[in-house]
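Shown next, in structure tokens, is the structure this report addresses.
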Amino acid sequence: MSYFRPAIDAMTGYVPGEQPKSGIKVIKLNTNENPYPPSPKVIAALQNIDSDALRRYPDPFAHEFCQAVSEVMGVPADWVIVGNGSDDVLNILIRACAEGFERKVVYPMPTYVLYRTLSAMQPAEVVEVPYGDNFQLPIEQLVAANGAVTFIASPNSPSGHVVPLADLRQLARLVSGIVVIDEAYVDFAEGSALELVKEFDNVIVLRTLSKGYSLAGLRLGFGIAKPQLLAGLFKVKDSYNIDAIAISMGTAAMRDQSYKQDCAEKVKISRSQLTKDLRNLGFKVFESHGNFVLATPAKGNAAEIYLKLKELGILVRYFNQEGLADKLRITVGTDEQNQALIEALGNL
């Protein structure tokens, strides 16, 4: 006898990147965390938390943070929905919009596998459309799939490519459902699709503070869309999904754009050097716009290299799935961490 819904029994749960045990020193290049610390203003906000903020329930709509987003992104504050990480907003979208075979979830592959997991939990039918050559967006197939929700990660993980704005605009114009543009890695790219939110009623752009702002442990993300789209999502959102500490620290981070930009620039410079060094070792490396690279070893023995690096205390990400089994996704670390990786690969 099972205590769970058939959909839960049938699904495979999401497997996060490996976390090292406490006290074990590793070079952690497997979960796309920013190698630099958060803004000093964020630490100051944490140290100055008022005890009353912990005694009381937090603002259910995180207005202070939304106002900071408004000032930085140039959108009205009531165009913002805040989540416990952008994964929370993904979950809200699927719960609000997708269901069964009639209201499908659609996305190109390979991409962020949590889209599949959240859909299975609903449950909602999933249509996975393979990317074209050189990761060209398969617009016709995506439109034909007739999804209630269509997810496009740009920059995409694990490939690191950016979907051209013209392709996203065409997709938004042709589909009948919602287009979710997941910009988790946009701080390491050039340009954004944010302007499409102003053009289309069915577009929502997602952002996170986990990557560019070095706050993966805080769990804070947000979506930007017109209020009529957000109205349905607010019905599904947990009342107090963002705690008072996250609101305060996230607001401080959002208002220190210069620090975030400085860290992002350092990551981009290191990304270029890491790409060059990997290619010198015989790896095929896709051009990346995230804080990671997708690298294929010359012999295709990605699984073997992953395990040997792990023995040496270096964690990278290996996906044992179609199209990725011969590749490694490697987070851009500090220059010292990257050099240690390159030396280990050279020895291997």
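The values are calculated or read from the model by the stated rules, or taken from the named source; none is laboratory data. All figures in this text were calculated on a predicted structure; none of them were measured in a lab. Counting neighbours? That spans all protein chains shown, and the Cβs are built from the backbone with ideal geometry, glycine included. These area figures cover heavy atoms from the full protein model, side chains too; ligands, DNA and RNA do not enter into them. Shrake-Rupley method; radii C 1.70, N 1.55, O 1.52, S 1.80 Å.
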- If you go through the stretch 246-263 one residue at a time, do you hit one that is surrounded by fewer than 21 Cβ atoms within 10 Å (Cβ to Cβ) and either aliphatic (A, V, I, L, M) or closer than 23 Å to LEU114 by Cα (or both)? no
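Here's the yes/no breakdown for (1) within 25 Å of ALA189 (Cβ to Cβ); (2) open to solvent by less than 50 Å² (accessible area, probe 1.4 Å); (3) of a type in the set (A, V, I, L, M, F, W, C):
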{"residue": "LYS237", "(1), (2), (3)": "no, yes, no"}
{"residue": "ILE269", "(1), (2), (3)": "yes, no, yes"}
{"residue": "LEU274", "(1), (2), (3)": "yes, yes, yes"}
{"residue": "LEU281", "(1), (2), (3)": "no, no, yes"}
{"residue": "LYS299", "(1), (2), (3)": "no, no, no"}
{"residue": "LEU307", "(1), (2), (3)": "no, no, yes"}
{"residue": "ILE314", "(1), (2), (3)": "no, yes, yes"}
- Query: Before we move on, is TYR14 assigned to a loop (DSSP other than H, G, I, E, B), hydroxyl-bearing (Ser, Thr, Tyr) and in contact with a Leu (Cβ under 6 Å, 6 or more places away or on another chain)?
  - Reply: yes
- Note on the structure: Picking from PRO35, PRO16, PRO20, PRO58, the residue that is out of contact with any Asp or Glu (no Cβ under 6 Å at 6 or more places or on another chain) and either modelled with pLDDT of 95 or more or on the phi > 0 side of the Ramachandran plot (or both) would be PRO35
- Message: With open to solvent by 40 Å² or more (accessible area, probe 1.4 Å) and either modelled with pLDDT of 90 or more or in contact with a Lys or Arg (Cβ under 6 Å, 6 or more places away or on another chain) (or both) as the only criterion, which of LEU46, LEU29 stands out?
- Response: LEU46
- What's the number of the condition SER258 fails, among (1) touching a strand residue (DSSP E or B) at 6+ places or on another chain (Cβ under 6 Å); (2) closer than 30 Å to LEU54 by Cα? (1)
- Listed by first then second residue, the pairs whose first member lies in the stretch 259-273 and is over 18 Å from ILE330 (Cβ atoms), whose partner is at pLDDT 95 or above and outside any helix (DSSP H, G or I), with beta carbons under 8 Å and at least 6 positions apart or on separate chains, are TYR259/SER39; LYS260/SER39; LYS260/GLY212; LYS260/TYR213; CYS263/ASN34; CYS263/TYR36; CYS263/GLY212; CYS263/SER214
- Message: Given the condition assigned to a loop (DSSP other than H, G, I, E, B) and in contact with a Ser or Thr (Cβ under 6 Å, 6 or more places away or on another chain), answer yes or no: does some residue in the stretch 222-241 qualify?
- Response: no
- Query: Given the structure, is GLY290 over 30 Å from GLY83 (Cα atoms) and among the small types (Gly, Ala, Ser)?
  - Reply: no
- Scanning the stretch 119-160 residue by residue, those under 18 Å from the mean Cα position of the chain (by Cα) and polar (S, T, N, Q) turn out to be SER119, THR150, SER154, ASN156, SER157, SER159
- Query: With respect to LEU328, is the statement that it is open to solvent by less than 30 Å² (accessible area, probe 1.4 Å), modelled with pLDDT under 95 and within 19 Å of the chain's Cα centre (by Cα) true?
  - Reply: no
- Message: Of everything in the stretch 331-348, what is surrounded by 14 or more Cβ atoms within 10 Å (Cβ to Cβ) and charged (D, E, K, R)? Give them in sequence order.
- Response: ASP335
- Message: Of everything in the stretch 188-218, what is open to solvent by less than 20 Å² (accessible area, probe 1.4 Å) and part of a helix (DSSP H, G or I)? Give them in sequence order.
- Response: PHE188, LEU196, VAL197
- Message: From the list GLU71, GLU33, exactly one residue is out of contact with any strand residue (DSSP E or B) (no Cβ under 6 Å at 6 or more places or on another chain) and assigned to a loop (DSSP other than H, G, I, E, B). Which is it?
- Response: GLU33
- Checked GLY232, GLY221 against criteria (open to solvent by less than 10 Å² (accessible area, probe 1.4 Å) and of a type outside the set (A, V, I, L, M, F, W, C)); the one match is GLY221
